[in-house]
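The structure under discussion appears below in the form of structure tokens.
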Amino acid sequence: MVADIERVQEIADYIAPLALRIACTYRVADCLIGGPRPVAEIAAEVGLHAETLRRLLRVLAMRGVFTEPAPGVFALTPLAQLLRGDHPLSLRDAYPMVAADLHAWAGLEETARTGTAAFPREHGESYYAYLAGQPAVSRRVDASVEAQNRLVVRTLIRAYDWASCGTIVDLGGGTGLFLAALLARFSRLRGILVDLPHVAAAAPRVLAARGVSDRVVVVAGDYFATIPPGEDTYLLKTVLHDWTDEHAGRLLRAVAMAMRPDSRLLVLEAILPDGDAYHVGKLLDLHSLVLTGAPDRSREQLIELLHQAGLETVSVTQTATLAVLAARRAV
């Protein structure tokens, strides 16, 4: 019974998750790469209050993130290693402190009653309109997406015949991390990246870092209205779950209109399993509801959404992260 009580307390806790986000935002794990250090040294290096940081790290150490081998001295644990910026699967930037998101989550009770997104209600504008006007917050969100994409890239790179895709139009492709990873792996691919101006502005840095700038055209624009026509492959990676069926259907119809008869559309989305099994998509589904009001969808719902837009699903490939749905224009 005591173990059950402790488990419920752990699930209900929002203190440790917020402490973790502060540690990530201020890059605390990077300060400990060389070994254990007194908290006063860490705080001075990252610009935090020493006693507050001690209390924060003590909470995280209780959860196995960091350890306190001597009073006031902290060190990395295997979990904390993932928060290092130089880790190949670093999660340091995946969990930023975004106050606007927390304010939206404070409205969850009303969302639970009405089924409507909390973010517009709390902030007076849509989630993406807010990000467009808050460049610093937008950069944190973009960095979070990039960090989470590292694992996604590894699982998806072998899940589809990407080498045959020709020119890929990545609609809502963010800063281009996924597109850049594809082009770096497959030298004959070319890309067109389409996203809002404040997001697309960061793409040249990402593309240059992977050495693929010369094979990508960056288009700053609204992907509902700016879809380059007549290309080989169109890509929607974790885009549809940001939109209600009405808006997702409008986007898919626009893509279908832009496609050639032999073009393909690749939709990458989380397909949620039934039952009690853990799946990160179940968490992100609720997060999407709070921020935008949109759902994640089942395999059948995605196929029907494509069908209603005049698209025929050719194949569905499930991976450990996202599913790949390949579609073409219906005859």
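The values are calculated or read from the model by the stated rules, or taken from the named source; none is laboratory data. No experiment lies behind these values; they were computed from the predicted model shown. Don't worry about glycine lacking a Cβ; one is built from the backbone with ideal geometry, like all the others, and counts go over all protein chains shown. Each accessible area value is taken on the protein alone, full model and side chains, heavy atoms only, with ligands, DNA and RNA left out. Shrake-Rupley method; radii C 1.70, N 1.55, O 1.52, S 1.80 Å.
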Kindly list the number of the only condition in (1) over 16 Å from V145 (Cα atoms); (2) among the hydroxyl-bearing types (S, T, Y); (3) in contact (Cβ under 8 Å) with a residue 12 or more places away in the chain that fails for S288. (1)
Picking from L83, L102, which residue would you name as being open to solvent by 50 Å² or more (accessible area, probe 1.4 Å), within 30 Å of I33 (Cβ to Cβ) and not charged (D, E, K, R)? L102
In the list V267, V324, which residue meets the criterion of being assigned to a strand (DSSP E or B), closer than 20 Å to F224 by Cα, open to solvent by less than 60 Å² (accessible area, probe 1.4 Å) and of a type in the set (A, V, I, L, M)? V267
Pull out all pairs, ordered by first then second residue, where Cβ-Cβ is under 8 Å, the residues are six or more apart or on different chains, the first lies in segment 246-260 and is within 17 Å of L302 (Cβ to Cβ), and the second is open to solvent by less than 30 Å² (accessible area, probe 1.4 Å) and part of a helix (DSSP H, G or I). A248/L240; A248/L305; G249/L305; L251/L240; L252/L240; L252/L305; L252/L306
Mind checking which residues of segment 1-44 are crowded, with 19+ Cβ neighbours inside 10 Å and either modelled with pLDDT under 95 or outside any helix (DSSP H, G or I) (or both)? Y26, V28
Subset of segment 144-171 (residues that are open to solvent by less than 30 Å² (accessible area, probe 1.4 Å), of a type outside the set (V, I, T) and modelled with pLDDT of 95 or more): W162, C165, G166, D170, L171
Would you please name the residue that is surrounded by the fewest Cβ atoms within 10 Å (Cβ to Cβ), looking only at residues in segment 211-230 that are hydrophobic (A, V, I, L, M, F, W, C) and out of contact with any Phe, Trp or Tyr (no Cβ under 8 Å at 6 or more places or on another chain)? A225
Residues of segment 104-146 being charged (D, E, K, R) and part of a helix (DSSP H, G or I), in sequence order, are E109, E110, R113, R121, E122, R139, R140, D142, E146
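It is to be established whether one or more residues within segment 196-204 are under 27 Å from S298 (Cα atoms) and not aliphatic (A, V, I, L, M).
no
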Residues to consider are L56, L89; find the one that is among the hydrophobic types (A, V, I, L, M, F, W, C), part of a helix (DSSP H, G or I) and within 27 Å of the chain's Cα centre (by Cα). L56
Given (1) within 17 Å of the chain's Cα centre (by Cα); (2) closer than 30 Å to D262 by Cβ, R150 misses just (2)
Only one of these conditions is not met by A201: (1) among the aliphatic types (A, V, I, L, M); (2) modelled with pLDDT of 95 or more; (3) open to solvent by 60 Å² or more (accessible area, probe 1.4 Å). Which number is it? (2)
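Rundown of residues vs (1) over 28 Å from R139 (Cβ atoms); (2) in contact (Cβ under 8 Å) with a residue 40 or more places away in the chain; (3) charged (D, E, K, R), yes/no style:
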{"site": "I22", "(1), (2), (3)": "no, yes, no"}
{"site": "R27", "(1), (2), (3)": "no, yes, yes"}
{"site": "G35", "(1), (2), (3)": "yes, yes, no"}
{"site": "I42", "(1), (2), (3)": "no, no, no"}
{"site": "E68", "(1), (2), (3)": "yes, no, yes"}
{"site": "A94", "(1), (2), (3)": "no, yes, no"}
Report whether or not T233 is touching a residue at least 40 places away in the same chain (Cβ under 8 Å), of a type in the set (S, T, N, Q) and open to solvent by 30 Å² or more (accessible area, probe 1.4 Å). no
